[in-house]
1. Answer with yes or no whether Ala107 is surrounded by fewer than 11 Cβ atoms within 10 Å (Cβ to Cβ), under 17 Å from Ala40 (Cα atoms), of a type outside the set (Asp, Glu) and modelled with pLDDT under 90.
2. Residues of the range 76-87 being at pLDDT 90 or above and either loosely packed, with under 14 Cβ neighbours inside 10 Å or over 24 Å from the mean Cα position of the chain (by Cα) (or both), which ones?
3. Do we have Gln58 as farther than 28 Å from Asn109 by Cβ and surrounded by 12 or more Cβ atoms within 10 Å (Cβ to Cβ) here?
4. Report whether or not Ala71 is touching a strand residue (DSSP E or B) at 6+ places or on another chain (Cβ under 6 Å) and surrounded by fewer than 17 Cβ atoms within 10 Å (Cβ to Cβ).
5. If I ask for residues that are farther than 17 Å from Asn76 by Cβ and either basic (Lys, Arg) or in a loop (DSSP other than H, G, I, E, B) (or both), which ones from the range 86-102 would you list?
Amino acid sequence: MKGTKYMKQKRVSVMMIGATVLLALLAGCATTTTSTQEKASMLVAAGFKTISPKTAAQQQKLQQLQTGQVAMIQKNGGTYYIVADPPRNLVYVGGPNEYQAYQQLRAANNIANEQLETAQMYQDAAMQWGAWGGWGMGWGPMGMGVGVGRFR
């Protein structure tokens, strides 16, 4: 009887780990699509102009640029920053002021994402794990498990 209960607890634990891994993978896939959209939104918000290639030569040059990478170019004595988006057939172009604004938006976005992750982590920690039942020996509060966390 005890062996069956132990196996059931193990099965539940494995299923929970599997579900957690699946959710993490799904979240990872979702962030790659939204990060491209977020980048485009941040570029426009920072003042970058969108340019669509009009000639075959411009289209060929767009295809040669790395997607999503910021490249600095010098043209007519000025410094410009370009970001290619071949799937949308666009190039984002901005000067030093727009690039600085873009960097600030990226930094603010990273801080916001870190705060969200921290809040989610605290929310998970605040869940009442005791309601899930016993996790076996040694999983209680510090010093309450058998042989775990005892310093006497």
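1. Yes.
2. Asn76, Gly77, Gly78, Thr79, Tyr80, Tyr81 - these are the residues of the range 76-87 that are at pLDDT 90 or above and either loosely packed, with under 14 Cβ neighbours inside 10 Å or over 24 Å from the mean Cα position of the chain (by Cα) (or both).
3. Here the answer is yes, as Gln58 does meet what is asked.
4. Criteria met by Ala71.
5. Arg88, Asn89, listed by residue number.
The values are calculated or read from the model by the stated rules, or taken from the named source; none is laboratory data. A quick note: this is a predicted structure, and the numbers were derived from the prediction, not measured. Ideal geometry is used to build each Cβ from the backbone, glycine not excepted, and the neighbour counts take in all protein chains shown.
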